[in-house]
C-alpha cells in the first residue's frame with residue numbers, strides 16, 4: 001500500500017480515501033493548520049537549518065531556550081536536543097556505556113542498542129529481580145540500566161517502582177518516546193511514575209516526533225551528565241535540530257495541551273465503545289491491540305476493503321504473526337471511532 005501524501009485522520013491510496021488508524025503523531029500536529037502556520041513562520045525566521053555545529057563559536061539562543069523548556073517539562077536539571085530521537089537515544093546509551101556495564105530490559109527498543117545485545121527473556125518480573133540482586137551485589141556505578149517506558153506494540157506502560165529496592169548508585173536510561181507529550185502532568189511523560197531513590201539517577205531520552213510531530217530528540221537528566229553528553233561527537237559532530245522545529249514547539253504550548261485533551265477524549269471514547277470486546281488497551285494509551293484470528297481473513301485486509309487502514313506487521317520476527325493495532329490520534333472525529341468499531345464488530349471482534 002502506497003500513498004503520495006502524508007496521512008492525517010484519512011489517507012489517500014490507490015484503493016481510495018480511507019480512515020487512517022496507524023503510525024504515530026498522536027497529537028495530530030503534523031496536519032494541524034495552526035501548527036503548520038507556526039512552523040512556516042519558524043522557517044521564515046530561521047531558514048531550514050542552522051549551518052554550524054552546536055560546538056562552534058556562534059550559538060543560536062533558541063536552542064538553549066528549547067533545552068531549558070524541555071528540562072522543566074521533564075522535571076530534570078538539564079536537557080540537550082538532537083536532530084532525531086534515534087540520535088538522542090544513541091547518544092544517551094553510548095554515554096551510559098562509558099559509565100558502566102549496560103543491562104538491557106526485555107524488548108528494549110533498537111534505538112537504545114549500543115551494539116547488538118542479547119536481550120533478556122520477556123519475563124520482566126524475573127529480570128527485575130535478577131537486576132536488583134546483580135546491582136546490589138557490586139560496587140557503585142558498576143551497571144547502567146537501559147529500558148523503554150512505553151511499549152507501543154503491546155500498549156504497555158512499564159512500571160519502575162522496583163527501582164526503589166536498588167541500594168547501589170546506578171544510572172537508568174529510559175526511552176520515553178511514546179510517553180512524552182501524552183502521559184503525566186502537562187505531558188511530562190512517564191516521569192511521574194519514576195521512584196525517587198538517592199542511589200538512582202535518570203537519563204530520559206525521547207523522540208519529539210511521536211507526540212509533537214517534529215523531527216528531533218531530547219536527552220534530559222542531571223546537569224553533569226548532560227554537560228558530558230555535549231562533549232561527545234554525537235552532539236559536537238552532528239547537524240543540529242532544525243531551528244524552525246524548536247521554534248514551533250516553543251510557540252505551541254497552548255495548542256499542544258488542546259490537542260492532548262482531544263486525544264484523551266478520543267481514547268476514552270474508543271475504550272468505552274470496545275469495553276466488552278477482546279480489544280486490549282489496559283493503560284489508556286493511543287494504541288488499541290486487535291486480536292488475531294487465523295481462522296478468518298487477515299483483519300488488515302478486511303478493514304482495508306472497507307476504507308479503514310490499521311497498523312499491521314509481523315513482530316518480533318518477519319515470520320511472526322502480524323501485530324494488529326488501531327492507533328488513535330487527536331485528529332480523529334467521534335464518527336471515525338464509531339466507524340472503526342462497527343467494522344470490528346462486523347469482523348467478529
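Every read-out reported here was derived from the displayed coordinates using simple, explicitly stated rules and does not represent laboratory data. From a predicted model like this one, the values you see are computed outputs, not experimental measurements. Because the Cβ atoms are built from the backbone with ideal geometry, glycine has one as well, and the counts that use them run over all protein chains shown.
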Just how far, in whole angstrom, is region 127-156 from region 1-65 if you go by their alpha carbon centroids?
34
Taking all pairs of distinct alpha-carbon atoms in region 50-241, Kirkwood radius in angstrom:
16.7
For the chain the mean separation of alpha carbon contacts under 8 Å (6+ apart) over residue count, i.e. relative contact order in percent, is 25
Taking Cα pairs closer than 8 Å and at least 6 residues apart, the relative contact order of region 76-185 in percent is 27
For a footprinting-style exposure proxy, rank 287, 1, 232, 242 by other Cβ within 10 Å, fewest first.
1, 232, 242, 287
Using a Förster distance of 41 Å, the FRET efficiency for residue 141-residue 68 (Cβ separation, nearest 0.05):
0.90
Taking the chain as a Gaussian network, Cα atoms linked when under 10 Å apart, which of 172, 338, 219 shows the biggest mean-square fluctuation?
338
Starting with the fewest neighbours, write out 25, 193, 84, 98 ranked by other beta-carbon atoms found within 10 Å of each beta-carbon.
98, 193, 84, 25
Taking the Cα centre of each part, how many Å lie between region 181-249 and region 265-283?
30
Once you have the Cα-Cα distance between residue 321 and residue 59, take 0.36 nm times their residue separation minus that, and quote the gain in nm to one decimal.
89.4 nm
Ordering 85-93, 53-61, 252-260 by per-residue average of other C-beta atoms within 10 angstrom, highest first, gives 85-93, 252-260, 53-61
